[in-house]
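What follows draws every value from the coordinates through simple rules; no lab data is involved. Everything numeric in this text was worked out from a predicted model, so none of it was measured.
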């Protein structure tokens, strides 16, 4: 096979693959603004020389990795980097897939004028369909093999706008909500009799200097995954170790839960499920020593009670074609999904079905880490990490509660207050 003369190697993010028990899913949600160049290799052009250079795409404004379904921003896309070996003209053609029209649109013939600019309004052509779109450009000239470049963007939507990106998470539309800085959050009375928010906080500073960072720096993800905050941002540097209630960036009348409050939620949830068996475990001095670390009691699997999902009810109709199979397979619940078909918490036998009996609806948004003045994002679709208002007196670090997609327990971890960023939930005073 004839090899491409030039291969554009820059890739900002890697397409992530996930596996669940039924099928292999390519995780389109983790694709983030990656430009990948390839060359035509059909039989008719296999022996032709290639155009010079490496084709790349310049977006104005810059295209983020994720955009909202109703975002009518018109993007101007300029092709750059390709040239004709003989100094002649180059043509450009484009397509966006999937869309109303998957065929190529020529923005410039090879003997035409202009620079081949292409404009596109993603909302106009793709309406509110939540999916990953591919913008492809080809630079062509007679007698030469084409150069091509592709760019990926994922369309998302908040929970309360039509069919949101997060489904089956235990979100009840029409339920009790609280409005904070223009964003509506579901609330609920948890097993510990406190009122908690069901979504991660998305507060960005109320028009002042921005606080927190959305996933992959894409503002569209702020109301989908919430924002990532350093502990200093979340709490204002105030600790609850002395019994202080820390409002931090939560709305008035709400505060950032302490580690003890997270533990109370876990205790109430598990005691309600296992009743005497769980309470007997609390009185066991051997397992009791571990309770504050990972809330574990013997072989009980607690993380599934915090993972976003919904219980299956065989008496209720469901339009999902896999629903009956789930019931027949013996599952008691199923995972929340991202953009319809990607399970957030794939089933593992030693973790169990994501029952979400705590009601907290934790989603694996991951975390952010400040490196060289820039946020780097990791752990998406693996970890749900929540700040507490509690400090570790021995290390000076702040305490998080961590849910791992491969762990049956929920464990405690300490992180730097200024460079590590995690999700925040608020609980009512």
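Legend: P(r) of the stretch 166-428 from all alpha carbon pair distances, 10 Å bins from 0, whole percents, reading 7, 31, 37, 20, 5, 0. With contacts taken as Cα pairs under 8 Å at a separation of at least 6 residues, the stretch 166-428 carries a relative contact order of 25 percent. Counting every alpha-carbon pair across the stretch 141-222, the share separated by more than 17 Å comes to 61%.
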